[in-house]
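A short worksheet on the structure shown next.
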Amino acid sequence: MPLVFDRGIAKGKPENIRHREGYCPFCDVDGLTDIIRREDDRIWLVNKYRTLRDTMQTVVIESADHDGDPSNYDIETNRRVFRFAIRCWDEMIRSGKYESVLMYKNYGPLSGGTLLHPHLQIVGLEHEDGYAGLTPQNFGGMAVWGEGRARVEIATSPVMGFFELDISVPEGVAASRDAADEADANRFIDAVRTCVRYVLNEHHDGRCTSYNLFFYRFVGRTICKVVPRWVVSPYFVGYRLAQINSPESLADDAAALARRFAR
């Protein structure tokens, strides 16, 4: 069943991706309410504009830096951001209150977001399985890089296309506080940063301005899917037909990205 969007609530949402002079509620820290957890300048709170019915919508503010992003965070800042967000996501999953819990990030004008300030969203669906339309084939297929238990692949049967990068580690590793898992958790988080930087700076000759991150616990692994965003294909909008770049193009991306990991 479709998620029900409450347009009346959405009318009051601030927007500053297209209109950068707009008010930023995440910079106005003193005005934030319903804070669930805070760790330095990372804040997990209930979304003030809960536009989806039968859900619990929360937000992770990544940083006090209004223009921050995994593409420009230093390595340690990026690790702290993702460790915090992944553990918040894990807590909502373990609560058992929801049919499924989704975590994702919007960046840029074509990503579906409204606020520039860096944040992720964690949404508990009360009645819907957010993974119902996914299959194991939607993840991976073309190997790019691997180290320890972390790996990066290009999806050869993508959810939407045209180019989707899947970064993964065994389930539980990314949220673990065990020292034995720390190295692989860092490899996972660092690989997400590398892939985001590649998408914005090299993929499609650096013309990509928007991306999404989608997080999953699926097929025994924790996966982050990095998706460059363009205007959505009419084949997908009208027929749910995904498209994929040619094998030659995917191979070029794989080789260029592998060079990034080799630096």
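Rounded to the nearest 20, the size of the Cβ-charge dipole of the chain about its Cα centre is 320 debye, with Lys and Arg at +1 and Asp and Glu at -1.
Pop out the carbon and sulfur fraction of the accessible area of the chain as a percent, whole number, probe 1.4 Å.
49 percent
Solvent exposure of the chain, expressed per residue, is 49 Å² of accessible area, with all protein chains present and a 1.4 angstrom probe. Ranked by the mean number of other Cβ atoms within 10 Å per residue, highest first, peptides 89-96, 5-12 order as 89-96, 5-12. Sorting the Cα pairs of the stretch 1-71 by distance into bins of 5 Å, from 0 upward, gives 3, 13, 21, 23, 20, 13, 5, 1 percent per bin. Stokes-Einstein diffusion for the stretch 155-200 at 20 °C, viscosity 1.002 mPa s, with a Kirkwood radius from C-alpha pairs, works out to 180 µm²/s. Once you reduce the stretch 77-117 and the stretch 172-199 to the center of their Cα atoms, the two points are 15 Å from each other.
Since only S71, A85, T114 are under comparison, the one whose Cα sits farthest along the positive direction of the charge dipole of the chain, derived from C-beta charges on Lys, Arg, Asp and Glu, is T114.
Given in Å, the Rg to one decimal and the Dmax to the nearest whole number for the Cα atoms of the chain are 17.8, 51.
What is the diffusion coefficient of the stretch 137-263 in µm²/s, taking the Kirkwood radius over Cα pairs and the Stokes-Einstein relation at 25 °C with a viscosity of 0.890 mPa s? Let's see the in-between values first.
On the way: Rh = 14.9 Å.
The calculation lands on 165 µm²/s.
Our summary gives the chain a relative contact order of 17 percent, counting only alpha carbon pairs under 8 angstrom and 6 or more residues apart. A protection proxy built from the mean count of other Cβ atoms within 10 Å ranks the segments 187-197, 241-251, 202-212, most packed first, as 187-197, 202-212, 241-251.
The values are calculated or read from the model by the stated rules, or taken from the named source; none is laboratory data. Just so you know, these numbers come straight off a predicted model, no measurement behind them. So basically every Cβ, Gly included, is an ideal-geometry build from the backbone, and we count neighbours across all protein chains shown. We work out accessible area using only protein heavy atoms, side chains counted, and drop any ligands, DNA or RNA first. Shrake-Rupley method; radii C 1.70, N 1.55, O 1.52, S 1.80 Å.
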